[in-house]
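What follows draws every value from the coordinates through simple rules; no lab data is involved. Everything quoted here is computed from the prediction, not taken from an experiment. Here the Cβ is made from the backbone with ideal geometry for all residues, glycine too, and neighbour counts use every protein chain on show.
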Amino acid sequence: MNADIAVREPSQDLVARVAAEDPRFWAKVQVTPTGCWVWKGNCLPNGYPRLTRQGTGMYAHRYAFSRWREPIKSGLVVDHLCCVRNCVNPMHLEAVTPEENHRRSTALMVLNRAHCPKGHPYVESNIEWEGRARRCRVCRREQKRQSERRCALRRQGKVA
Ligand SMILES: [Zn+2]
Ligand SMILES: [Zn+2]
């Protein structure tokens, strides 16, 4: 959990409000030590929490955000700052553009990946940091060797 989210921890007031205003919703919430409100109700195959109201299915996290944070402007998606897909804590959510959401999830995927694109493990000894990006040392060496080989061949006049 990052510090950003800790600041956004809902006050007991919000807990009391949600429990009072929508007990059916609150009954399906399990609060975790990290402050996530994990949805115990149905989830869609994609892992997002589902809620049914008056026969209409909707995303439970979108419902929570629009009811206890602010209305969701059209075209915006609700992003999980905590990265827990079935969390419905309004304070862990943020309405962003689909582009921003995509950018964030790709950045995260890259960071969570345990291997480089060639399958070498991203262990401490094999990581070279380039700003905030990780580079694989094995691949680096391989690339260097290849370019040296190309240079040698070029010197011998075998490639243009
Ligand atoms: Zn959460
Ligand atoms: Zn590699």
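Mind telling me which of A133, A64, A19 comes out most flexible in a GNM of the chain, alpha-carbon contacts under 10 Å?
A133
How far, in degrees from 0 to 90, does helix 12-21 lean away from the longest principal axis of the Cα atoms of the chain, to the nearest 10?
Roughly 60 degrees, rounded to the nearest 10.
Across segment 56-69, in residue order, what do the Karplus-derived ³J(HN,Hα) couplings come to in whole Hz, using 6.51 cos²θ - 1.76 cosθ + 1.60 with θ = phi - 60° and x for Gly and Pro?
9, x, 8, 6, 5, 6, 5, 4, 4, 5, 6, 7, 10, 10
Relative to the present Cα-Cα distance, how much length would full extension add between R17 and R154 at 0.36 nm per residue of separation?
42.0 nm
Can you tell me, using C-alpha contacts under 8 Å and at least 6 residues apart, the relative contact order of the chain as a whole percent?
Relative contact order, the chain: 15 percent.
Per the helix-only calculation at 222 nm, which mean residue ellipticity applies to the chain, given -39500 (n - 2.57) for every DSSP H run of n ≥ 4 and division by its residues, nearest 500 deg cm²/dmol?
After summing the helix terms and dividing by the residues of the chain, the value is -11500 deg cm²/dmol.
Spit out the partnerless Cys residues in the chain, using Cβ distances under 4.7 Å as the pairing rule.
That list is C43, C82, C83, C151.
Once amide H atoms are built 1.01 Å from N in the peptide plane, which residues 5 or more positions from A95, or in another chain, come under 5 Å H to H?
Residues meeting the amide H criterion: D79.
Between P98, P121, P49, where does the largest GNM mean-square fluctuation fall for the chain, given springs only between Cα atoms within less than 10 Å?
Result: P121 has the largest fluctuation of those listed.
If you put +1 on each Lys and Arg Cβ and -1 on each Asp and Glu Cβ, how big is the dipole of the chain around its Cα centre, in Debye rounded to 20?
Numbers: 29 positive and 15 negative charges, 262 e Å.
Approximately 1260 debye in magnitude.
Taking 0.36 nm per residue of sequence separation and subtracting the Cα-Cα distance, how much length would be gained by fully extending the chain between T34 and T56, in nm to one decimal? Don't skip to the answer; put the middle values down first.
Numbers: separation 22, 0.36 × 22 = 7.92 nm, distance 3.06 nm.
Full-extension gain reported as 4.9 nm.
Place a label point 7 angstrom from the Cα of E128 along the Cα-to-Cβ direction, then list the residues of segment 139-160 whose backbone nitrogen is under 14 Å away.
Only 139-148 pass the distance filter.
Show me, for segment 31-36, the HN-Hα J-couplings you get by feeding each phi into the Karplus relation (A = 6.51, B = -1.76, C = 1.60, θ = phi - 60°), rounded to Hz, glycine and proline as x.
7, 9, x, 7, x, 6
Report the far tail of the P(r) of segment 1-117, meaning the percent of Cα-Cα pairs longer than 16 Å.
62
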